[in-house]
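**Student:** This is the structure I have questions about; it appears just below.
The values are calculated or read from the model by the stated rules, or taken from the named source; none is laboratory data. Predicted model only: the values in this text are computed from it and were never measured. In this analysis, Cβ positions are derived from the backbone assuming ideal geometry, glycine residues included, and neighbour counts consider all displayed protein chains.
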Amino acid sequence: MTRKKRSETPSDLDYGMLPNLAGYQLRLAQVAIFRDFSESLGEFDVTPGLFGVLVIIEANPGLKQSELARATHLDRSTVVSVIDNLERRNLVVRRPAQNDRRSNALTLTERGSTLLQTLKARVEDHEARLVAHLTESERTTLVSLLRKIFPEHR
(Lines give C-alpha, C1' and ligand atoms only; values in the text may rest on other atoms or scores of the structure.)
Protein backbone atom coordinates (compact mmCIF):
# COMPACT_ATOMS: atom_id res chain seq x y z
CA MET A 1 0.00 0.00 0.00
CA THR A 2 1.44 3.37 -1.01
CA ARG A 3 1.00 6.26 1.33
CA LYS A 4 0.30 9.61 -0.16
CA LYS A 5 2.99 12.00 0.96
CA ARG A 6 1.60 15.16 2.56
CA SER A 7 2.74 18.33 0.87
CA GLU A 8 5.33 20.42 2.64
CA THR A 9 3.35 23.63 2.10
CA PRO A 10 1.43 24.90 5.12
CA SER A 11 -1.64 25.68 2.96
CA ASP A 12 -2.28 21.96 2.55
CA LEU A 13 -2.47 21.41 6.30
CA ASP A 14 -5.66 21.29 8.31
CA TYR A 15 -5.26 23.81 11.11
CA GLY A 16 -8.36 22.64 12.93
CA MET A 17 -9.84 25.35 15.14
CA LEU A 18 -6.78 27.63 14.98
CA PRO A 19 -7.87 29.90 12.08
CA ASN A 20 -10.98 30.91 14.06
CA LEU A 21 -9.06 31.89 17.21
CA ALA A 22 -8.30 35.57 17.74
CA GLY A 23 -5.08 34.70 19.58
CA TYR A 24 -3.83 32.57 16.70
CA GLN A 25 -4.57 35.30 14.15
CA LEU A 26 -2.89 37.89 16.39
CA ARG A 27 0.18 35.65 16.64
CA LEU A 28 0.38 35.30 12.85
CA ALA A 29 0.03 39.07 12.52
CA GLN A 30 2.75 39.57 15.14
CA VAL A 31 5.13 37.30 13.23
CA ALA A 32 4.49 39.22 10.00
CA ILE A 33 4.85 42.57 11.77
CA PHE A 34 8.12 41.63 13.49
CA ARG A 35 9.53 40.22 10.24
CA ASP A 36 8.75 43.40 8.31
CA PHE A 37 10.00 45.57 11.18
CA SER A 38 13.28 43.67 11.24
CA GLU A 39 13.69 43.98 7.47
CA SER A 40 12.89 47.70 7.62
CA LEU A 41 14.99 48.66 10.64
CA GLY A 42 17.46 45.79 11.04
CA GLU A 43 20.44 47.95 10.20
CA PHE A 44 19.78 49.99 13.35
CA ASP A 45 19.74 46.99 15.71
CA VAL A 46 16.40 48.09 17.18
CA THR A 47 13.53 45.78 18.07
CA PRO A 48 9.89 46.89 18.22
CA GLY A 49 10.18 46.87 22.01
CA LEU A 50 13.28 49.05 22.02
CA PHE A 51 11.63 51.44 19.58
CA GLY A 52 8.66 51.67 21.95
CA VAL A 53 10.96 52.46 24.87
CA LEU A 54 12.63 55.27 22.92
CA VAL A 55 9.26 56.73 21.90
CA ILE A 56 7.97 56.66 25.49
CA ILE A 57 11.14 58.32 26.84
CA GLU A 58 10.99 61.00 24.15
CA ALA A 59 7.33 61.72 24.91
CA ASN A 60 8.03 61.86 28.66
CA PRO A 61 11.42 63.52 29.31
CA GLY A 62 12.53 62.89 32.88
CA LEU A 63 10.51 59.68 33.10
CA LYS A 64 11.54 57.50 36.05
CA GLN A 65 12.74 53.97 35.36
CA SER A 66 9.91 52.58 37.49
CA GLU A 67 7.38 54.50 35.37
CA LEU A 68 8.97 53.12 32.22
CA ALA A 69 8.70 49.61 33.66
CA ARG A 70 4.97 50.10 34.25
CA ALA A 71 4.42 51.67 30.82
CA THR A 72 6.20 48.83 29.00
CA HIS A 73 4.93 46.03 31.24
CA LEU A 74 8.47 44.92 31.98
CA ASP A 75 9.89 44.08 35.37
CA ARG A 76 12.32 46.59 36.85
CA SER A 77 15.41 44.41 36.35
CA THR A 78 14.61 44.03 32.64
CA VAL A 79 14.15 47.80 32.31
CA VAL A 80 17.54 48.36 33.98
CA SER A 81 19.12 46.04 31.39
CA VAL A 82 17.35 47.85 28.53
CA ILE A 83 18.47 51.25 29.83
CA ASP A 84 22.03 49.97 30.31
CA ASN A 85 22.00 48.91 26.65
CA LEU A 86 20.64 52.30 25.52
CA GLU A 87 23.22 54.14 27.63
CA ARG A 88 26.07 52.09 26.15
CA ARG A 89 24.82 53.12 22.72
CA ASN A 90 24.68 56.77 23.86
CA LEU A 91 20.95 56.98 23.11
CA VAL A 92 19.65 57.62 26.63
CA VAL A 93 21.04 59.29 29.73
CA ARG A 94 20.06 58.59 33.35
CA ARG A 95 20.11 61.41 35.86
CA PRO A 96 18.87 61.59 39.43
CA ALA A 97 15.16 62.54 39.42
CA GLN A 98 14.46 66.06 40.65
CA ASN A 99 12.00 65.18 43.38
CA ASP A 100 13.48 61.83 44.32
CA ARG A 101 17.26 61.45 44.28
CA ARG A 102 16.87 57.68 44.75
CA SER A 103 15.23 57.40 41.33
CA ASN A 104 16.70 57.91 37.90
CA ALA A 105 15.09 60.17 35.32
CA LEU A 106 15.52 59.23 31.67
CA THR A 107 16.03 61.48 28.67
CA LEU A 108 17.19 60.90 25.14
CA THR A 109 20.62 62.10 24.16
CA GLU A 110 21.04 64.16 21.02
CA ARG A 111 22.15 61.00 19.26
CA GLY A 112 19.07 59.19 20.60
CA SER A 113 16.75 61.95 19.37
CA THR A 114 18.36 61.95 15.94
CA LEU A 115 18.15 58.17 15.64
CA LEU A 116 14.55 58.15 16.81
CA GLN A 117 13.53 60.63 14.10
CA THR A 118 15.01 58.29 11.49
CA LEU A 119 13.34 55.28 13.09
CA LYS A 120 9.95 57.00 13.22
CA ALA A 121 10.05 57.65 9.48
CA ARG A 122 10.90 54.00 8.82
CA VAL A 123 8.20 52.82 11.22
CA GLU A 124 5.63 54.98 9.46
CA ASP A 125 6.57 53.28 6.17
CA HIS A 126 6.45 49.90 7.90
CA GLU A 127 3.00 50.66 9.32
CA ALA A 128 1.74 51.82 5.92
CA ARG A 129 2.82 48.50 4.37
CA LEU A 130 1.07 46.54 7.12
CA VAL A 131 -2.27 48.23 6.57
CA ALA A 132 -2.02 48.78 2.82
CA HIS A 133 -4.87 46.32 2.16
CA LEU A 134 -7.18 48.06 4.63
CA THR A 135 -9.29 51.13 4.12
CA GLU A 136 -8.74 53.97 6.59
CA SER A 137 -12.01 53.00 8.26
CA GLU A 138 -10.91 49.36 8.56
CA ARG A 139 -7.55 50.43 10.00
CA THR A 140 -9.26 52.61 12.57
CA THR A 141 -11.65 49.78 13.47
CA LEU A 142 -8.80 47.29 13.76
CA VAL A 143 -6.84 49.52 16.13
CA SER A 144 -9.99 50.24 18.13
CA LEU A 145 -10.79 46.54 18.46
CA LEU A 146 -7.23 45.64 19.45
CA ARG A 147 -7.32 48.32 22.16
CA LYS A 148 -10.33 46.55 23.67
CA ILE A 149 -8.27 43.42 24.24
CA PHE A 150 -5.93 45.25 26.62
CA PRO A 151 -7.91 48.33 27.71
CA GLU A 152 -5.52 49.29 30.52
CA HIS A 153 -2.85 50.08 27.94
CA ARG A 154 -3.96 52.81 25.61
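**Student:** Somewhere in segment 102-125, is a residue out of contact with any Phe, Trp or Tyr (no Cβ under 7 Å at 6 or more places or on another chain), under 23 Å from residue 71 (Cα atoms), loosely packed, with under 13 Cβ neighbours inside 10 Å and at pLDDT below 95?
**Tutor:** yes
**Student:** Is it true that residue 51 is touching a Pro at 6+ places or on another chain (Cβ under 6 Å) and modelled with pLDDT of 95 or more?
**Tutor:** No; evaluated as a whole, the condition is false for this residue.
**Student:** Is it fair to say residue 78 is part of a helix (DSSP H, G or I), in contact with a helix residue (DSSP H, G or I) (Cβ under 9 Å, 6 or more places away or on another chain) and polar (S, T, N, Q)?
**Tutor:** yes
**Student:** Let me ask another. Just wondering, is there one or more residues in segment 99-108 that are closer than 29 Å to residue 131 by Cα, in contact (Cβ under 8 Å) with a residue 40 or more places away in the chain and within 19 Å of the chain's Cα centre (by Cα)?
**Tutor:** No, there is no match, as no residue in segment 99-108 is closer than 29 Å to residue 131 by Cα, in contact (Cβ under 8 Å) with a residue 40 or more places away in the chain and within 19 Å of the chain's Cα centre (by Cα).
**Student:** Shifting gears a bit: Can you pull out every residue in segment 132-145 that is more than 16 Å from the chain's Cα centre (by Cα) and either under 21 Å from residue 31 (Cα atoms) or in a helix (DSSP H, G or I) (or both)? Break it down into steps so the answer makes sense when it comes.
**Tutor:** Keep residues of segment 132-145 that are more than 16 Å from the chain's Cα centre (by Cα), which gives 132-142, 144-145.
132, 133, 134, 136, 137, 138, 139, 140, 141, 142, 144, 145 - these are the residues of segment 132-145 that are more than 16 Å from the chain's Cα centre (by Cα) and either under 21 Å from residue 31 (Cα atoms) or in a helix (DSSP H, G or I) (or both).
**Student:** Shifting gears a bit: Can you name the number of the only condition in (1) touching a residue at least 60 places away in the same chain (Cβ under 8 Å); (2) surrounded by 15 or more Cβ atoms within 10 Å (Cβ to Cβ); (3) out of contact with any His (no Cβ under 9 Å at 6 or more places or on another chain) that residue 40 fails?
**Tutor:** Unmet for residue 40, out of (1) touching a residue at least 60 places away in the same chain (Cβ under 8 Å); (2) surrounded by 15 or more Cβ atoms within 10 Å (Cβ to Cβ); (3) out of contact with any His (no Cβ under 9 Å at 6 or more places or on another chain): (3).
**Student:** Quick one: in segment 1-18, which of the residues that are modelled with pLDDT under 95 and part of a helix (DSSP H, G or I) is nearest to residue 47 (Cα to Cα)?
**Tutor:** For segment 1-18, the residue satisfying everything is 10.
**Student:** Might you check whether a residue that is within 27 Å of residue 30 (Cα to Cα), at pLDDT below 95 and of a type outside the set (Phe, Trp, Tyr) occurs anywhere in segment 88-96?
**Tutor:** No.
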